[in-house]
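Below is one structure, written out as structure tokens, with a few remarks after it.
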Amino acid sequence: MNIDFNPTPRQDEFFEAFHDPSKRELLYGGSAGGGKSYVLWVIMLLKCFEHPEIRIGLARNTLVDIKRNTMVTFWEIVNNWKIPKSMFTYNSIEGYIKWWNGSIIQFYELRYLPSDPNYDRFGGALLTFGCIEEAAGVELKGKDIFKTRLGRWRNKEFGINNKLLMTCNPGSNFIYTEFYLPWSKGELDPYKTFVRAKLSDNPHLGEDYREALASLPPADRSRLLEGEWDFDTDKARLLKYDEVNAMYEVHPDYDPEGKLYLSADIAFQSDKCIFILWQGLTIIEIINYEGDEPDKELLRLRDKHAVSPSRIVYDADGVGQFLKGKLRGAIAFKNNGQPLKKENYENLKTQVYFKLADKIREGEVKIKTNNLKDDLMQEVYEIKSQPLETIDGKLKLVKKKDVARIIGRSPDISDAMAYRMYFELKEYRKPF
Ligand SMILES: Nc1ncnc2c1ncn2[C@@H]1O[C@H](COP(=O)(O)OP(=O)(O)OP(=O)(O)O)[C@@H](O)[C@H]1O
Ligand SMILES: [Mg+2]
């Protein structure tokens, strides 16, 4: 074995704070790729090598995230330091790494589980110290209960202080209110340490990591690339006002020969029931149907405009179910379905929304009717992404109920517009 740790100045700061008995809670937070997980592992490994039979808790929102992501850095260090496989066993099912001298790194899931709201699953755990990876995704209660399990195993004997070490990307939960905000005002509790991570701290990082970050949505780029903590909700918008407005400037290149499409957000009574008739990517007509037979209305529009069933898409959740038998060949859109082409979106609906934003930004979506113009523009302008918790996290939109709270109604027009993008994702091509 060849232990070779060459810390960056920030990692050194974190490492020092670990050895400072007055510091009990340490957070290393900021941009992605700053070397946070690396130094966390270095501390865990060195302590396991130094002392027999200590117990370190390694926690994250889900065990799957520890096994898939956090473990990658472990294997990297095993490789760098040439740690012989005979020195440890890794049990990926139960989630622990046990060392030859009896020391153990045990994994914990901090995710809130309705079946275990008080985290009784931590009940018997007695730990020397603990680490939380990616604390931005963690519930306050999970963190607080995890903390009560620390400092309970051979601390005095080995002179190891009760510590909670955490890493994170910028976020808005307790890491913001308990660490970043007081730190930025110079009012951080004396028993806490906050080390601010920046990508530029880490000279060990490859160019491909930087490139992956550069392709993120703008708001996430400033958080994850620059380590910016104050999340700018304006930057979370997928579209600028001018880009939304430009849909109404119909250009002469509008294609009157384009195929007709129908996209629909179906509802009985409570929400608006919206039908959109498209020619190619140009909206010809928007219908806000208020009757109580939306299924018949959809069939009527199909017949009136002779739209091929294979170019009709409707919301299949809830009341849309009703249409299945009546509209053979049409696409019954599943909001919560798997994204196409295994792309990294939370679900199919998020994927079509991102696609809609791309098409609008590129000037391909046009609107030839002024019906419901104000509502439509407001809904499209409110399309916002949620801050990513980690660089490899799934892209998510701000939740429909939160959008509804801002605009005072459900965004049914933009939903119906987004469904149309299903055909663009499927790369439907005009037959020659
Ligand atoms: N002191 C170091 N010595 C050698 N390599 C390092 C060191 N610190 C970081 N690295 C390298 O930089 C890479 C990124 O570091 P790390 O994964 O710790 O960043 P991170 O801040 O946890 O990023 P993320 O926000 O994506 O979780 C590591 O995989 C490793 O290759
Ligand atoms: Mg990390």
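The values are calculated or read from the model by the stated rules, or taken from the named source; none is laboratory data. Keep in mind that what you see is a predicted model, and the values were worked out from it rather than measured. Ideal geometry is used to build each Cβ from the backbone, glycine not excepted, and the neighbour counts take in all protein chains shown.
What the table below lists for this structure:
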item: The stretch 203-245 - residue that is among the acidic types (Asp, Glu) and assigned to a loop (DSSP other than H, G, I, E, B) and, of those, farthest from residue 392 (Cα to Cα); result: 234
item: Residues (within 16 Å of ligand 2 (Cβ to nearest atom) and over 21 Å from residue 76 (Cα atoms)) located in the stretch 175-197; result: 175, 195, 196
item: Residues satisfying the stated conditions in the stretch 297-329, i.e. outside any helix (DSSP H, G or I) and among the aromatic types (Phe, Trp, Tyr); result: 314
item: Scope the stretch 335-347; condition buried (at least 19 other Cβ atoms within 10 Å of the Cβ) and either of a type in the set (D, E, K, R) or in contact (Cβ under 8 Å) with a residue 40 or more places away in the chain (or both); matching residues; result: 345
item: Meets criteria (modelled with pLDDT of 95 or more, within 19 Å of residue 164 (Cα to Cα) and within 16 Å of ligand 2 (Cβ to nearest atom)) for residue 66; result: yes
item: Counted residues, the stretch 1-32 - those being surrounded by 15 or more Cβ atoms within 10 Å (Cβ to Cβ) and either within 7 Å of ligand 1 (Cβ to nearest atom) or not hydrophobic (A, V, I, L, M, F, W, C) (or both); result: 14
item: Total residues in the stretch 180-191, condition in contact with a Pro (Cβ under 8 Å, 6 or more places away or on another chain) and not in a loop (DSSP other than H, G, I, E, B); result: 1
item: Flag if residue 286 is over 30 Å from the mean Cα position of the chain (by Cα) and not in a loop (DSSP other than H, G, I, E, B); result: yes
item: Segments classed as helices (runs of 4 or more DSSP H), wholly inside the stretch 1-120, with at least 3 members that are free of Cβ contacts under 8 Å to residues at least 24 places away in the same chain; result: 9-19, 71-80
item: Looking only at the stretch 201-244, and only at residues there that are touching a residue at least 60 places away in the same chain (Cβ under 8 Å) and among the small types (Gly, Ala, Ser), the one that is farthest from residue 359 (Cα to Cα); result: 227
item: Of the criteria (1) assigned to a strand (DSSP E or B); (2) of a type outside the set (Asp, Glu); (3) in contact (Cβ under 8 Å) with a residue 60 or more places away in the chain; (4) within 18 Å of residue 330 (Cβ to Cβ), which one residue 267 fails; result: (1)
item: Selection within the stretch 134-148 - buried (at least 22 other Cβ atoms within 10 Å of the Cβ) and part of a loop (DSSP other than H, G, I, E, B); result: 134, 138
item: Residues (surrounded by 22 or more Cβ atoms within 10 Å (Cβ to Cβ) and of a type in the set (D, E, K, R)) located in the stretch 33-64; result: 36, 55, 60
item: Number of the condition not met by residue 254 [criteria: (1) among the aromatic types (Phe, Trp, Tyr); (2) more than 24 Å from residue 73 (Cβ to Cβ); (3) modelled with pLDDT of 80 or more]; result: (3)
item: Failed criterion for residue 94 (all others in (1) more than 16 Å from ligand 2 (Cβ to nearest atom); (2) of a type in the set (Asp, Glu); (3) under 24 Å from the mean Cα position of the chain (by Cα) hold); result: (3)
item: Of the criteria (1) assigned to a loop (DSSP other than H, G, I, E, B); (2) without any contact (Cβ under 8 Å) to a residue 60 or more places away in the chain; (3) among the small types (Gly, Ala, Ser), which one residue 332 fails; result: (1)
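This table checks each residue for (1) at pLDDT 95 or above; (2) under 26 Å from residue 388 (Cα atoms).
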| site | (1), (2) |
| --- | --- |
| 74 | yes, yes |
| 82 | yes, no |
| 101 | yes, no |
| 108 | yes, yes |
| 174 | no, yes |
| 178 | no, yes |
